[in-house]
Amino acid sequence: MLIKIYRIKDWTHFLGLILLGYFLNKPFLFPHLLSKIIISGLLLAFAFSWNEFFDRKLPKRKILLSIIPLFPIPFLMNFLNPKTKIFILLFFLIALLYSLPPVRLKSHPFIGTFCNAFGFSMLFLIGINNLENKLILPIYSGLLCLLFVAQLIHELAHLSQDKSEKILTTALFLGEKKIKILIISFLILAFISFCKFSFIIAGFLFLLTFHIAILLTKKEINYSSLRTLHCY
């Protein structure tokens, strides 16, 4: 029941962003990692169920179920540094406004897509204790580009549904052809960012870009098969 309400199967993979950020830390403090994973899980449970509530126009009494995961977060934040608290707050605000009328960021092309990618990128920053590591910027830049691509693919997979629900996404606004160009462009930007971090990851990303580019040239594409990174 809770798995369905909070759509847990749709967001568990995002916790990997916490681990990626955390492994850039020295020294490793397990209690901090545990707090960050729990907080991030609670934030994701809120974000996905909150989005579901407004998308499906569920009964008002069910909105409490979306808010419940937020209750333990202030207590758990006591163990974290001020910068991490700011990233947690940013994630919460974006998740709140992404679905909440009349702001409903997801209904604004470009703004909604960017805020979605930027919001999820906060998970990577939440995992980090020290922002002085020189590897953070290229990794973060590459991740942000990949999350942007994931959201664009997600929007392409939901073109008909978003159109019927009058949600003006970037994909609906620009059209399928221009979105394909954007996807390839941001994959190239991600490749350039990761070159500064790891040639192995950059090489893998180059192959991924080449593979997706070939898929996007096909007349009939099952976008749902491409959106394994994203389910929001």
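Spatial offset of segment 30-44 relative to segment 1-29 amounts to 8 Å, using the alpha carbon center of each. The loop-placed chymotrypsin sites (Phe, Trp or Tyr not before Pro) in segment 17-115, going by DSSP, that have at most 12 neighbouring Cβ atoms within 10 Å of their Cβ come out as Phe23, Phe28, Phe110. Sparse packing (at most 15 other Cβ atoms within 10 Å of the Cβ) combined with a DSSP loop state is found for the following trypsin sites (Lys or Arg not before Pro) in segment 1-80: Lys57. Shown is the FRET efficiency for Asn81 and Ile184, computed with R0 = 35 Å from the Cβ-Cβ distance and rounded to the nearest 0.05: 0.35. What do you get for GluC sites (Glu not before Pro) in segment 142-185 restricted to DSSP loop and a cutoff of at most 16 other Cβ within 10 Å of the site's Cβ? Here the sparse-neighbourhood loop sites are Glu165.
Any read-out appearing in this document is the output of simple, stated calculations on the displayed coordinates, not a laboratory observation. What you see is a predicted model, and the numbers here were worked out from it, not measured in a lab. FYI the Cβ positions are ideal-geometry reconstructions off the backbone, even for glycines, and counts take in every protein chain you see.
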